[in-house]
1. What's the total number of residues in segment 1-41 that are without any contact (Cβ under 8 Å) to a residue 60 or more places away in the chain, touching a helix residue (DSSP H, G or I) at 6+ places or on another chain (Cβ under 6 Å) and not hydrophobic (A, V, I, L, M, F, W, C)?
2. Filter segment 64-114 down to the residues that are in contact (Cβ under 8 Å) with a residue 60 or more places away in the chain and either part of a helix (DSSP H, G or I) or over 19 Å from residue 136 (Cα atoms) (or both) and list them by number.
3. Report, by residue number, each residue of segment 209-226 that is closer than 24 Å to residue 238 by Cα and in contact with a Ser or Thr (Cβ under 6 Å, 6 or more places away or on another chain).
4. Checking the conditions here, which among 60, 75, 3, 36 is touching a Gly at 6+ places or on another chain (Cβ under 6 Å) and not assigned by TED's automatic domain parsing to the domain that holds residue 147?
5. Any residue at all in segment 168-186 that is among the basic types (Lys, Arg), over 18 Å from residue 116 (Cβ atoms) and at pLDDT 90 or above?
6. Hey, among 163, 117, which residue is assigned by TED's automatic domain parsing to the domain that holds residue 71 and either part of a helix (DSSP H, G or I) or modelled with pLDDT of 90 or more (or both)?
7. For residues that are in a helix (DSSP H, G or I) and either farther than 10 Å from residue 108 by Cβ or more than 23 Å from the chain's Cα centre (by Cα) (or both), scanning just segment 45-58, find the one that is modelled with the highest pLDDT.
8. Among the residues that make up segment 217-225, is at least one of them among the aromatic types (Phe, Trp, Tyr) and closer than 30 Å to residue 17 by Cβ?
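The values are calculated or read from the model by the stated rules, or taken from the named source; none is laboratory data. What you see is a predicted model; the values in this text were computed from it and never measured. Neighbour counts run over all protein chains shown; Cβ positions are idealised from the backbone, glycine included.
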Amino acid sequence: MGVVGLLLAVLIATGTSLFDFWYDVLVGAVVVFSFVAAGNSLNDYLDRDVDKVAHPERPVPSGRISPKMALWIAVVGFVIAIGCSLLLRNLESIIIVLAAIVVIILYELRTKAKGLIGNLSIAFLTGGLFLLGGAIVGHMDRTIAMAAMAFLATLGREIVKDIQDMEGDFDRITLPKRIGRKRAGIVGSVAFLLAVALSFLPYLNGMFGLEYLAAVLVADAIFIYSSIVHFQNPKKGQTWAKYGMLVALIAFLIGGLTL
């Protein structure tokens, strides 16, 4: 899925000239694939004791992979991601990859249980994928708005999800636990609405045309709905936020393909 996201970001950045950048896309795909494999394996290694109870079907607690093997997969995956990132042809791409590796390791080791900073970490990783897609083909300017929208929408959804999971998050100090359900909900709604505000920039600066604007207005309506409905039903709010992110991605694809 990470590789698919990268390809979509490249399409947004290059329009129909995707295959002109086959080398950069191939190397970037290896970087993303290795990064995701490493991050998931590190998570499985660190959560192996918790997963014995919460997720016994996962590879480590089920016995299909040993903890040592999971750790080695994580180490090798991160080494491949770093090594291949050095084959990318601009400094921005390398910086994004290295920053993402630092963020995911810190997330798994510390920030996952720290509430808002953990939410910000996941939001950064989501937005960073679109930045990388633009950076590897030299058109990061065309994906900055999408990355910012993805960051804000993911941040809002993560906060709303923490509201939904308040009773079950006994081992995490989430934002709703720190400041209360209602105040955390307001923060989540502000993130959604800021994503809506940013969605107009690609049209206003002339990068995308009316086709993009028509499609992104649908996404905006969904985000506005999510920012309201989650106060009564957090599960519905974060579910609709996912739909909004999907429609927003389609809108940016339409904009990219009409460049």
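1. The total comes to 2.
2. 93, 97, 100, 101, 104, 105, 108, 109, 112, 113
3. 216, 220, listed by residue number.
4. 36
5. no
6. When all the criteria are applied, what remains is 117.
7. To start, the set of residues in segment 45-58 that are in a helix (DSSP H, G or I) comprises 45-46, 48-54.
Applying the additional criterion that residues be either farther than 10 Å from residue 108 by Cβ or more than 23 Å from the chain's Cα centre (by Cα) (or both) yields 48-54.
On the way: 48: 90, 49: 86, 50: 81, 51: 83, 52: 85, 53: 81, 54: 73.
Residue satisfying both the conditions and the ranking: 48.
8. Looking through segment 217-225, none of the residues is among the aromatic types (Phe, Trp, Tyr) and closer than 30 Å to residue 17 by Cβ.
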